[in-house]
1. Restricting the first residue to region 32-59 and requiring it to be under 20 Å from I7 (Cβ atoms), which pairs with a second residue that is among the aliphatic types (A, V, I, L, M) and open to solvent by 50 Å² or more (accessible area, probe 1.4 Å) meet a Cβ separation below 8 Å and a spacing of at least six or different chains?
2. What is the residue count in region 1-10 for residues that are at pLDDT below 85 and surrounded by fewer than 10 Cβ atoms within 10 Å (Cβ to Cβ)?
3. Among L43, L13, which is open to solvent by 70 Å² or more (accessible area, probe 1.4 Å) and not acidic (D, E)?
4. Which one of L25, L48 is surrounded by 11 or more Cβ atoms within 10 Å (Cβ to Cβ), in contact with a helix residue (DSSP H, G or I) (Cβ under 6 Å, 6 or more places away or on another chain) and in a loop (DSSP other than H, G, I, E, B)?
Amino acid sequence: MPRSKWIWGVWSLVLLSYLIPYTLLTRVQAWYGSFLFWTLVGLAVIALNVVITKDFKGK
């Protein structure tokens, strides 16, 4: 897959990080509802960054 598609995946996760907690999780009163979601999205962004940068070579 081209690198640009992976980058769009990261940006879509960033967008979901704003939309989901303030829309679908607004009725969850406990702080760990959004925290769990943001933790999972953070791990997914880290994994995507590893995939995106795996072909970078040092100079």
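1. V41/L16; V45/V14; I52/I7
2. Our first condition is that a residue be at pLDDT below 85; within region 1-10, this holds for 1-4.
From what is left, the residues that are surrounded by fewer than 10 Cβ atoms within 10 Å (Cβ to Cβ) are 1-2, 4.
Residues flagged as at pLDDT below 85 and surrounded by fewer than 10 Cβ atoms within 10 Å (Cβ to Cβ) within region 1-10 amount to 3.
3. L43
4. Residue meeting the stated conditions: L25.
The values are calculated or read from the model by the stated rules, or taken from the named source; none is laboratory data. These numbers come from a predicted model, not from an experiment. Glycine gets a Cβ as well: all are built from the backbone with ideal geometry, and neighbour counts include every protein chain shown. Side chains included, ligands, DNA and RNA excluded: accessible areas come from the protein's heavy atoms. Shrake-Rupley method; radii C 1.70, N 1.55, O 1.52, S 1.80 Å.
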